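S.K.: Here it is: the structure, laid out below.
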Amino acid sequence: MAFDPNKYKGFHSSEKVLPVVLLLDVSGSMAGDKIRILYESVNRMIEELDKLSKKQECGFKIAIITFGNEVRVDLRYTAVKDLLGKVTPVNAGGMTPLGKALDLAKDMIDDKTETPGRWYKPAVVLVSDGMPNDQYEGPLQQFIGEGRSAKTQRFSLAIQANLDVLKRFASENDFCMTAENVADIPKAFNFITMSVSTRSASANPNVFAGVSSTNTEGAVSDSTPEFDDDDEFV
């Protein structure tokens, strides 16, 4: 029988991707050094994840949602290799509509076309320097407790801000960090980058500490959300 390469068209190996969603406060109070150093830290994260992706099977894609004058997707999921040196600060302004930002992020993660089930569970990083000015309670509870977004690994960084809201967002106590001054922002991002890197290199990147996988003793948590087959992150 003659060899027919057309029989193999349409076959794709499973894409091993760990998506990282950044929820960045760009309200007026973030103007100046805060937003400059925040974006410098984001770019360093991208550089480190790109280096790592060249050494292992698992790659990374970054998405960025900003909230300030408006809530918007500044960047849809993009491979880190295509972002080197390309993520620049936006103009800070406006209030802190965290509730709307969480709604948008949840819609993106829950959408199986935008965030495919063949990817690993996303890591989500929330950064803010102030109290929300909109109705955030419902969106926060829905994000951490319902649907696919409840299965994410969640970090939060409070920049000279009240920790109460951001503590509730984080999937582990250690994943909520504070920056008493702007010099602490890079340190927090280094921790987040190392945590995501370690997870990506593990035998099963979908197993990590937190309500979405295991408890701090490593046993499967009773509160772990169950996946439907078509919701499954690899």
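S.K.: If you stretched the chain out fully between Met131 and Asn91, how much longer would it get, using 0.36 nm times the residue separation minus the C-alpha to C-alpha distance?
M.R.: Details: separation 40, 0.36 × 40 = 14.40 nm, distance 1.95 nm.
Going from the current span to full extension adds 12.5 nm.
S.K.: For Ser27, list long-range residues whose amide hydrogen, built 1.01 Å from N in the peptide plane, is under 5 Å from its own amide hydrogen.
M.R.: Gly93
S.K.: Still on this model: Of Leu49, Ile109, Gln153, which is farthest along the charge dipole of the range 15-221 in the positive direction, counting Lys and Arg as +1 and Asp and Glu as -1 at C-beta?
M.R.: Leu49
S.K.: Over what distance in Å are the Cα centres of the range 66-83 and the range 88-126 separated?
M.R.: About 8 Å separates the Cα centre of the range 66-83 from the one of the range 88-126.
S.K.: Please give the residues of the range 134-154, grouped as numeric ranges, whose backbone N is less than 12 Å from a label point set 7 Å along the Cα-to-Cβ vector of Glu114.
M.R.: Taking a point 7 Å out along Cα→Cβ of Glu114, the residues of the range 134-154 whose backbone N falls under 12 Å are 149.
Any read-out appearing in this document is the output of simple, stated calculations on the displayed coordinates, not a laboratory observation. These figures come from a predicted structure and were not determined experimentally. Quick reminder, even Gly has a Cβ in these numbers, built from the backbone with ideal geometry, and neighbours come from all protein chains shown.
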